[in-house]
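All remarks here apply to the structure that follows.
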Amino acid sequence: MAAVNGITIGSANFSNIKTDLKPKEGTKAEENIDIRNGNGYNENCVDVNMNKSEKISEIQEFYNGKNILITGATGFLGKILMEKLLRCCPGVENLYLLVRQKRGKDIYTRIEEMFDDPVFDRLKEEVPKFRHKIVAIPADCEAAGLGLNITDRQTLIEKVHVIFHSAATVKFDEHLRAALITNVQAPLYLLELAKDMKGLKVFMHISTAYSNSHLTYVEEKFYPCNSESEKLHNMINKLTDDQINDILPIILEKWPNTYTFTKALAEKELRRNSNNVPLGIFRPAIVSSTAKEPLKCWLDNMYGPTGAAVGTVTGMLRTMQCDESVTADIVPVDSVVNCLMVAAHDVYKQFRKSSILEPPIFNYVSSVENRITWGEFTNLNLAMIDKHPFSNAVWYVSLTLNKSAAMHQIYIFFLHLIPAALVDGLALCIGKKPKMLKVYRKIHKFSSVLRYFCTREITFCNRRTRELWENTSDLDKQIFPFSMSDIDWNDYFEDYLAGIRRYLFKDSDDTIPQARIKWKRLYYLHQIVRFLFLMFVIYALWSIFTRIF
């Protein structure tokens, strides 16, 4: 293996890097370079990382000396998991990250860019020499055997103690072929690798609370799924993409989309093939921005409700088919990671007592202990828009939640399509390319995907997760808080939009005064348009009335 800027790189594609080269004196590389003694530790770094606390908690003790394999480490949840492990579990030996090349960037470049994210600033301050624990392994979840070469595969077999599998395609409307490969085949490849690992303590597979969203009541147990991965894979390999789309409703049965279907199928296949692997299934609900750690309201994507919030506060989204009284099962990502880490320890303890055990499932939801509805989610965000206006807003906020599909379509026509057609018409007149109707096609596709989850009430049981919290020590509750009853939604959403501004749009807080000026102008323009439209309606009705009578 080779170390570059403190990050160890799997040997597969980097054999030409010389590990005996020393950086020049005084360089940054000299601080981070991976120089280890015979026991695999950097003697200059251990004391710095280990003196964080006088007393080591039970969970911290579990991760002491462990080599941890993480898939999806460059993703939203993966970043928080990695940060938490490195910052709060100083005894962790190494983090093995399976990373693939993407958009022409090698894995080293991707990881270096990832560590530039503000979410790692606290880690850099508290554990400045953490990078010697990062071991990047070239891999690809879409390839057979995860695309691992023989050397890296053998390293993982000999070294890894804990697996966190979070890699997945989270697009609800992903093509079935791609969703099957990433969400079903990849975890099965990883399971086969896990069976060969000599010192494996636990394998945590991150699923979703909505893997059985066609049901109205979901417990922490496995549910039947008629499809079989191998047969389905063989069948679709003989079909074109269009043919697959034609028969997709038959394949999905009661599941609303390919995401939930493949997540359910993955659970089934992992259970069936797990044998004696200490497997745990972790099902978080709608994972949203951080609540507290390592910084408040951090996020890096626009999936789910965040996309709806962005569309609303920028003035683009003005209607959604949504039942205000339906539960919005939102869970902060830092709470999710805390529960995941504690659950991994619990799974290990259960399998140590009995290797012949049904893989335990943990439903991590907010609805049982701290319910919030979509109406409350909307109102809490709208209450903060004047405090955190967006510089790129195109119109003043004006969102209507419609339970009725017919009424929603009427609103789409008047509030989306007509304004978009007028703007595109104006663009053509001045010689610019029209794009508003194209944008709204994407918005309508996005909102149609969310509709299923915004109009159906699903009741979850999270007994095992609540028992996990009750059995967690007081010290671990302080280090790894995950009880949803402790979340104050008013406090959480006070800075939710600020987080979107800062971390998604890279919009500095210094721009807020100017954004407020723009926001006031959009408000007055909005009121003028509403008044003119009202006058037009009155005039039209008066004209009709006078002609009839």
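The values are calculated or read from the model by the stated rules, or taken from the named source; none is laboratory data. Just so you know, these numbers come straight off a predicted model, no measurement behind them. Note that each Cβ is placed from the backbone with ideal geometry, even for glycine, and that neighbours are counted across all protein chains shown. Accessible surface is based on the protein model in full, side chains and every heavy atom, while ligands, DNA and RNA are left aside. Shrake-Rupley method; radii C 1.70, N 1.55, O 1.52, S 1.80 Å.
Helix 436-454 versus the longest principal axis of the chain: what is the Cα-based angle in degrees, 0 to 90, to the nearest 10? Here the helix axis deviates by roughly 70 degrees. Heavy-atom surface analysis with a 1.4 Å probe gives the stretch 67-209 a carbon and sulfur content of 45 percent of its accessible area. Carbon-plus-sulfur accessible fraction, the stretch 219-376 (probe radius 1.4 Å, protein heavy atoms only): 48%. From helices alone, the chain scores -13500 deg cm²/dmol at 222 nm; the rule is -39500 (n - 2.57) for each run of n ≥ 4 DSSP H residues, then divide by the residue total. Packing around the peptides 478-485, 114-121, taken as the average count of other Cβ atoms within 10 Å per residue, puts them in this order, highest first: 478-485, 114-121. Summary of packing: across the peptides 386-392, 510-516, the per-residue average of other C-beta atoms within 10 Å ranks them, highest first, as 386-392, 510-516. Taking Cβ atoms as reference points and 14 Å as the exclusive limit, the residues near VAL160 contribute a net charge of +2, counting Lys and Arg as +1 and Asp and Glu as -1. Counting only heavy atoms of protein chains, what accessible area per residue, in Å², does the chain have with a probe of 1.4 Å? On a per-residue basis, 47 Å².
Peptides 424-436, 342-354 ranked from most to least packed by the mean count of surrounding Cβ atoms within 10 Å: 342-354, 424-436. Summing +1 for each Lys or Arg and -1 for each Asp or Glu among the other residues whose beta-carbon sits under 11 angstrom from that of SER227 gives -2. Labels on offer are (1) 1.07; (2) 1.00; (3) 0.97, and the one holding Rg/Rh (Cα atoms, Kirkwood Rh) computed from this structure is (2).
Shape class for the stretch 205-317: oblate, because the ratio a/c of the largest to smallest gyration tensor axis (alpha-carbon atoms, square roots of eigenvalues) is 1.5 or more and b/c is at least a/b.
If I compute solvent accessible area with a 1.4 Å probe over the protein chains, what percent of it on the stretch 486-535 is carbon and sulfur? Roughly 58 percent of what the probe reaches on the stretch 486-535 is carbon or sulfur. Cα centroid separation, the stretch 425-476 to the stretch 265-280: 29 Å. Computed from Cα positions, the angle between helix 333-353 and the longest principal axis of the chain comes to roughly 40 degrees.
Relative to the dominant Cα principal axis of the chain, helix 418-429 is inclined by about 90°.
Of all DSSP beta bridges located in the chain, what percent are antiparallel, nearest 5?
Numbers: 5 of 41 bridges.
Taking every DSSP beta bridge within the chain, about 10 percent pair in antiparallel fashion.
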